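*Asks:* There's a structure below that I have some questions on.
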Amino acid sequence: MTKRRNARGAGEALGRPSRAPSERVAPDALVASLSQLNLEQLRLQWRNHLRGSPPAHLPGWLLMRVLAYRIQAMAFGDLDREILRRLRKPMGEAFESESARPFATRRPTTREGIGVTSGAVLVREWEGRPERVMVLDDGFAWNSGVYSSLSQVAKAITGTNWNGHRFFGLKAVRSGERGKVRRRLQALQELQG
């Protein structure tokens, strides 16, 4: 009776291939050369270096990046188990405390760098009616609805696509009007103050 080989999933390596000293290439040169290969050549490199079939669904740019990572991990060592465990945890649970988070949360700002704090009310007159939008931590409230962007609010008000910052006067139409926009926001903040 013949023994069956264990079937391996796509992309699984069978182990580190052994090469003769004359065939060894420096990992940095090998990784650098990957960017010049087409999809079939990348798949061939995958089979040669990782001894498995590459995932068929991966596009070339992603296949190149995964292959480069795997080649470097074989040459220099992979991430340790603790880091891999943290990376596999759901987002937000990987770090024990808020002070250990890798990126600080930012306050919402407009494209021109003007801070819009939660609780601020933006007012725009449209077709003779004042439209009031409140800035929330996670979006904008208007007419009993919550929207993720000012552009969505502007579209809901007008029925057409608008740049939300421009619609509410937060973005100047011309560079000479930036002072006007800042004065408007300062007056709005003083009214709330």
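*Asks:* Give the residue that is surrounded by the most Cβ atoms within 10 Å (Cβ to Cβ), with candidates limited to residues of segment 150-181 that are modelled with pLDDT under 80 and part of a helix (DSSP H, G or I).
*Replies:* Among residues in segment 150-181 that are modelled with pLDDT under 80 and part of a helix (DSSP H, G or I), the one surrounded by the most Cβ atoms within 10 Å (Cβ to Cβ) is V181.
*Asks:* Taking only segment 134-159 into account, find how many residues are touching an Asp or Glu at 6+ places or on another chain (Cβ under 7 Å) and among the charged types (D, E, K, R).
*Replies:* Total satisfying the criteria: 0.
*Asks:* Continuing with this model, one more query. Quick check on segment 111-149: of everything there that is of a type in the set (D, E) and in a loop (DSSP other than H, G, I, E, B), which residue is modelled with the highest pLDDT? Quick ask: steps written out before the conclusion?
*Replies:* Initially, segment 111-149 is screened for residues of a type in the set (D, E), giving 112, 125, 127, 131, 137-138.
Narrowing further to those that are in a loop (DSSP other than H, G, I, E, B): 112, 127, 137-138.
Working: E112: 50, E127: 88, D137: 81, D138: 81.
Out of the qualifying residues, it is E127.
*Asks:* What tally of residues in segment 71-82 results from selecting those that are over 24 Å from the mean Cα position of the chain (by Cα) and either exposed (fewer than 11 other Cβ atoms within 10 Å of the Cβ) or at pLDDT below 85 (or both)?
*Replies:* Result for segment 71-82: 4.
Residue-wise test of (1) at pLDDT below 85; (2) polar (S, T, N, Q).
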{"position": "G9", "(1), (2)": "yes, no"}
{"position": "A13", "(1), (2)": "yes, no"}
{"position": "P17", "(1), (2)": "yes, no"}
{"position": "R24", "(1), (2)": "yes, no"}
{"position": "S35", "(1), (2)": "no, yes"}
{"position": "R47", "(1), (2)": "no, no"}
{"position": "S53", "(1), (2)": "no, yes"}
{"position": "L63", "(1), (2)": "no, no"}
{"position": "Y69", "(1), (2)": "no, no"}
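*Asks:* While we're on this one: Can you report the number of residues in segment 120-149 which are surrounded by 14 or more Cβ atoms within 10 Å (Cβ to Cβ) and closer than 21 Å to L191 by Cα?
*Replies:* Of the residues in that region, 11 qualify.
The values are calculated or read from the model by the stated rules, or taken from the named source; none is laboratory data. Here the structure is a predicted model, which is why all the values come from computation and not from measurement. Cβ atoms come from the backbone with ideal geometry, glycine included; neighbour counts cover every protein chain shown.
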